Amino acid sequence: MVAYEFYWLDPTGGYQIIGVLPERRMNPERITQESIMNWGEKIFGRDLRAEDLFFVQVTLDQKTVRMFRPIPFSINYN
């Protein structure tokens, strides 16, 4: 299962995970970076600035409930 880990850019220069949202849409044409960010802003962005949020797509194994990140895993932000 595909999911998205949402992170908040900390003013001190780091980042913090704020939540994970599973992808449930069946139509892949509806899945865009903009739609994912809009979803994350609605759920997590109430008290945060939208430009301080970003996400990483991950895969969840439904049997073991383990999360697999892309390799190599790194978070880059400007």
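The values are calculated or read from the model by the stated rules, or taken from the named source; none is laboratory data. Keep in mind that what you see is a predicted model, and the values were worked out from it rather than measured. Here the Cβ positions follow ideal geometry from the backbone for every residue, glycine too, while neighbour counts run over all protein chains shown.
Looking across the stretch 24-64 at every residue that is loosely packed, with under 10 Cβ neighbours inside 10 Å and under 12 Å from ALA3 (Cα atoms), the one that is modelled with the highest pLDDT is identified as ARG24.
Out of all the residues in the stretch 44-53, is one or more of a type in the set (A, V, I, L, M, F, W, C) and in a strand (DSSP E or B)? There is at least one residue in the stretch 44-53 that is of a type in the set (A, V, I, L, M, F, W, C) and in a strand (DSSP E or B).
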